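The values are calculated or read from the model by the stated rules, or taken from the named source; none is laboratory data. All values reported here derive from a predicted model rather than from experimental measurement. Cβ placement follows ideal geometry from the backbone for every residue including glycine, while neighbour counts extend to all protein chains displayed.
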Amino acid sequence: MSNDNHGVGRPRRKPLYEATSQRELLRPGFVRRVVNDAPGRVERFIEAGWSVVENDVHTNQRMQDGKSMTREVRFHVNQDPFATAHSGILMEIPEEIYQEDLEAQQKLIDANEEMMKPKHMRGADYGVFEKSK
């Protein structure tokens, strides 16, 4: 939604919320995230079912502008000269699989928290406090 008709004589502009990098992060039915291109990190995501997002119609302009000459969508993520990754790769996974992974992760967290409780408290809730006379 560009502001072509906002004011006579105003130059056409592209609002920040319409930036290409934000559009690239959206795809119905998928969860996307930028993964640091550190040694082994992208491979771990691929093993977990994530896939690399390749340049498409949304990112072709970036390739023509010389900002990205790779097939995958990359972002600059770190300026620290000692960092293991300076760029990140856009990856995606179907939302259904992502939700299944979140549920499995929550079950592990719940089990770990249950193990932290004293034995007499396991399987019990905090209950209700009643003041005795």
Within region 15-22, is there a residue that is out of contact with any Ser or Thr (no Cβ under 8 Å at 6 or more places or on another chain), among the hydroxyl-bearing types (S, T, Y) and at pLDDT 90 or above? no
Checking the conditions here, which among E100, E72 is closer than 16 Å to V42 by Cα, acidic (D, E) and either at pLDDT below 90 or surrounded by 10 or more Cβ atoms within 10 Å (Cβ to Cβ) (or both)? E72
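Just checking, which of K67, K117, K133, K107 is at pLDDT below 90 and either surrounded by fewer than 11 Cβ atoms within 10 Å (Cβ to Cβ) or in contact with a Leu (Cβ under 6 Å, 6 or more places away or on another chain) (or both)? Give the steps one after another, and end with the answer.
Numbers: K67 fails: either surrounded by fewer than 11 Cβ atoms within 10 Å (Cβ to Cβ) or in contact with a Leu (Cβ under 6 Å, 6 or more places away or on another chain) (or both); K117 fails: either surrounded by fewer than 11 Cβ atoms within 10 Å (Cβ to Cβ) or in contact with a Leu (Cβ under 6 Å, 6 or more places away or on another chain) (or both); K107 fails: at pLDDT below 90.
Only one candidate passes the filter, namely K133.
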Taking only pairs six or more apart or across chains, which ones have beta-carbon atoms under 9 Å, a first residue in region 73-97 that is closer than 8 Å to N36 by Cβ and without any contact (Cβ under 8 Å) to a residue 24 or more places away in the chain, and a second residue that is surrounded by 19 or more Cβ atoms within 10 Å (Cβ to Cβ) and small (G, A, S)? none
